[in-house]
Amino acid sequence: MSGAAALIPAWPAEDIWQQIEPLLPGFSVEVLASVDSTSSELMRRARGGRTEPTLLVAETQTAGRGRLGRQWKSAGVYEGTGVVPALTFSLGLPLAPQGWSGLSLAVGVTVAECLDGTGAEPRIRLKWPNDLWLAGDRKLGGILVETASFATGPQTAEQPRYVVVGIGLNVLPVLAEGLSTPPACLREVDTSLSAARALKRLALPLVQALLGFAEHGFAPFQPRFARRDVLAGRGVTLSNGQQGTAHGVSDEGALLVHTATGMQAITSAEISVRPQ
Ligand code: BTN
């Protein structure tokens, strides 16, 4: 299959289920033609007591969400053609890591490594804490990590929470109009990628990465993040007004920024950062 035909997804739900079910008993894969947001849907289900491991894909999202309450806009299925120009999905599962910091970075490393091919120089770069970028500081996609408690009684650090990892990736070119960061798309990285093929490549490594993170934390991902860190060595401006130079991320996933008042470790989920 090639060209436009390849872009009309035959979603590989059965293959993905067979790969993942042995790792996550009770796992299911669902593909929806349209939903407000795959992450909102899994969070609603978790709050209603449905905490089975689930991969939820939407061909169109009507209210996609990004970090810091931002909208995530991606074109829905091209009407009348069936072509899906963006991959939007969420993976939800119970997880009990020692700590949650660095999880979106670990997911970013996994997505970038899966989709980048084998070239010596990484093309897909990571912008702390949740963006995937291509050359020219252009956004290829984003990651949204949310958790919900589902245990009754007093909460302890070790109790599992239901984590929902939402991923949005532009597959085909996107109009830059109205976007704060210019867009990029997966077709620039690999002309053979469709939304369905990208999902097939990502699903199992993503589950393995989440299980690995639960066991070992962010530390094993840190050098892999460093290879792709788009901010390292660059002047940056933080949304709290501070400026400085980015010095990579700590083994817990904090962004290290050297400012006039010394080295700061930025962990706050409320702070965003821009290269100058
Ligand atoms: C960001 O760039 O701030 C994160 C974007 C995350 C978008 C994905 S698309 C699938 C899932 N559903 C959502 O509503 N958001 C995530």
TODO: Pop out the carbon and sulfur fraction of the accessible area of region 1-155 as a percent, whole number, probe 1.4 Å.
DONE: 52
- [ ] Pull out a ≥ b ≥ c, the square roots of the eigenvalues of the alpha-carbon gyration tensor of the chain, then state rounded if a/c is under 1.5, prolate if not and a/b is larger than b/c, and oblate in the remaining case.
- [x] oblate
Open item on the list: If you roll a 1.4 angstrom probe over the protein chains with everything in place, what fraction of the accessible area of region 167-253 belongs to carbon and sulfur, to the nearest %?
Closed with: 52
Open item on the list: Springs between alpha-carbon pairs under 10 angstrom, Gaussian network model over the chain: which of Thr181, Thr54, Thr118 fluctuates most?
Closed with: Thr118
- [ ] Arrange the residues Trp11, Trp17, Trp133 by how much accessible surface each exposes, largest first, with a 1.4 angstrom probe.
- [x] Trp17, Trp11, Trp133
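Grab the DSSP H runs of the chain that are 4 residues or longer, score each as -39,500 (n - 2.57), total them, divide by all residues and round the 222 nm result to the nearest 500 deg cm²/dmol. Walk me through the numbers on the way to the answer.
Values: 6 runs with 65 residues, N = 276.
Counting only the DSSP helices, I get -7000 deg cm²/dmol.
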- [ ] Compute the accessible area per residue over the chain, keeping the other protein chains in place, probe 1.4 Å, unit Å².
- [x] 45
Task: Label-zone membership for region 229-249, site Ser180, 7 angstrom Cα→C-beta point, backbone N under 14 Å - done: 237-241
Task: Loop-located GluC sites (Glu not before Pro) in region 58-160 whose Cβ has at most 15 other Cβ within 10 Å (DSSP) - done: Glu79, Glu158
TODO: Please work out the Cα center distance from region 236-258 to region 89-106, rounded to the nearest Å.
DONE: 22
Open item on the list: Need the list of lysines near Lys200 for cross-linking: C-alpha distance under 22 angstrom, and skip anything on the same chain fewer than eight residues off.
Closed with: Lys139
- [ ] Answer rounded, prolate or oblate for region 191-240, using the Cα gyration tensor with square roots of eigenvalues a ≥ b ≥ c: rounded when a/c is under 1.5, else prolate when a/b is larger than b/c, else oblate.
- [x] oblate
TODO: Over the chain, calculate the relative contact order: mean separation of alpha carbon pairs under 8 Å at least 6 apart, over the residue count, as a percent.
DONE: 18
Task: Most fluctuating residue given options Val107, Val236, Val163, as computed from a GNM of the chain linking Cα atoms under 10 Å - done: Val236
Task: Heavy atoms of Arg197: accessible area, 1.4 Å probe, square angstrom to 10 - done: 100
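The values are calculated or read from the model by the stated rules, or taken from the named source; none is laboratory data. Computed from a predicted structure; not experimentally measured. All Cβ positions, glycine included, derive from the backbone under ideal geometry; neighbour counts span all protein chains shown. Protein only, heavy atoms only, side chains kept; ligands, DNA and RNA dropped before computing areas. Shrake-Rupley method; radii C 1.70, N 1.55, O 1.52, S 1.80 Å.
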